[in-house]
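Okay, so here's the structure we're looking at.
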Amino acid sequence: MNPLFRVVIICLILFSVLSVYVTIPTEENFAKTADEGYYFIFASLVNEGGVSQFPFLAKTYIDNKEARLFPTPLRIGHILSTALWFKLFPNTLVSLAQFSLFCFILFLVVSFYFARRNFNRDVAYLFTLLLSSSPLMMVMGRRALSEMHGNLLWALVIWLFLDFLRKENKIKYFIFLLAYSYSITVRESSIALLLFFALFFFIHKYAYKKSISGAYLLGIAFVPLFLLSTAYVILFQGVGNVLRIVGATLNVHFGIQTSTYALLFCTGPWYRYIVDYLLLSPVTTLLFTGYFCYTTLIRNFEWKTTYFMIYFTLVFIIFSFFRYSKVVRFVINLDMVIALFSVKLLYELFRQKDEQRQTYFVFVTIVALFIINYLSFIDLFCIKGIYDPISHNLLSARKFIP
């Protein structure tokens, strides 16, 4: 790739990050009575009172039906991280949103690093550029929620597992286990990734005929369980407290108790996530769909491509079963696969003998997509003022419904 192209890409990524920073809402414009307010309370209490506050958080969550409609204190990783953030920066919702921006920046760095290791430098630059302009990534990078923190960790564990399968290494495996355990303490839904790891482990071992010890799979299943159990028992001061808060959390996810907001705006058909992605970044989503179908039709199941195809499909299916989770920000990490496959399809579309000419066409197209996505972010979230990227708000902003 021409060095000038790389300079342009870096400048555009920095511009995107700066745009997220300057559009962070003011303190008065955060929803203090919603999830953001609860995350702020969690972080403030632990910042001021230390880890001794966790039993109080657990008791409040278990005893108060209204509290169970909001984030669970099981997200100790996010609570401790934001409490530490409050040690360094002002205790405000704006500061909490800046933590999300920090995670967004780290996510871009992680994405570039591993894309370069597993594909090539040119793909890594273009892939990261496209990710930096994702309207969903940008808006969640300025919210005082846990989604961007969870997205960072999901990206890290997905890339780490791929890297481990590419070349077995016990140090890589240990780092992966720690990262995966941590991700569950940030978003409890991360436990669903265990199904993906198990499924692709068997595919890698038997379909691709790779020699890999089954002990690694047992480690993935039991090491995080041991680490999490130990951390929860210590922080919540007893097995009984842990079991009660886990039960209360499961009742929210699988029971009938929910908020009016979730009942009205967070339910829907299984394909709702795709509709939302089409409303947010239509061209990129169509490119992703094209590459997914193209790869399936020509049966070009190169193992890394298959890895991301199965990851996307399995996460999509699992979250489709959750009745009150039909919100695109809950599956934000799928945007990473959408961006990667979009870049790969463009390389296929512009395939020719002259690689420099091919890279030029892909670069120009990705820059055009960057502009389209960036303008979508500005239109939806800055001009029209959408606060939460739910289907109703997106459909209304795109004038599909009144």
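Full extension of the chain between Lys170 and Phe321 gives 50.9 nm of extra length, using 0.36 nm per residue less the Cα-Cα distance. Going by neighbour counts of Cβ atoms within 10 Å, the residues His204, His253, His149 line up, fewest first, as His253, His204, His149. For the chain, the longest principal axis of the C-alpha atoms and the axis of helix 35-49 are separated by about 60°. Highest mobility in the GNM of the chain, judged by mean-square fluctuation with C-alpha springs under 10 Å and restricted to Phe102, Phe54, Phe226, is found for Phe226.
In a shell of Cβ-Cβ distance under 10 Å around Arg6, excluding Arg6 itself, what net charge do Lys and Arg (+1) and Asp and Glu (-1) give?
Values: positive: Arg121; negative: Asp122.
The answer is 0.
Phi-derived couplings, Karplus 6.51 cos²θ - 1.76 cosθ + 1.60 at θ = phi - 60°, listed residue by residue for segment 296-302: 5, 5, 8, 6, 8, 8, 4 Hz, with x used for Gly and Pro.
Sort Thr296, Thr23 by Cβ crowding within 10 Å, fewest neighbours at the top.
On the way: Thr296 11, Thr23 15.
The most exposed by this proxy come first: Thr296, Thr23.
Label sites at Lys87 and Phe350, each approximated as a point 7 angstrom past Cα along Cα to Cβ, lie 4.7 nm apart. Per-residue Karplus couplings for segment 177-189, computed as 6.51 cos²θ - 1.76 cosθ + 1.60 with θ equal to phi - 60°, are listed in order as 4, 5, 5, 5, 4, 5, 4, 5, 7, 9, 9, 4, 5 Hz, Gly and Pro entered as x. Beyond 28 Å, the tail of the calculated P(r) for segment 30-397 holds 46 percent of the Cα pairs.
Once fully extended, how much extra length lies between Trp303 and Tyr360, figured as 0.36 nm per residue of separation less the alpha-carbon to alpha-carbon distance?
Numbers: separation 57, 0.36 × 57 = 20.52 nm, distance 2.73 nm.
In short, 17.8 nm is gained.
Straight-line cross-link partners of Lys353 among the lysines, defined as a Cα under 22 Å from its Cα and at least 8 positions apart when in the same chain: Lys344.
Per-residue Karplus couplings for segment 382-387, computed as 6.51 cos²θ - 1.76 cosθ + 1.60 with θ equal to phi - 60°, are listed in order as 9, 7, 7, x, 5, 8 Hz, Gly and Pro entered as x.
Here, each number is a calculation from the coordinates, and none is a lab measurement. In this text the structure is predicted, and so the values were computed from the model without any measurement. Note that each Cβ is placed from the backbone with ideal geometry, even for glycine, and that neighbours are counted across all protein chains shown.
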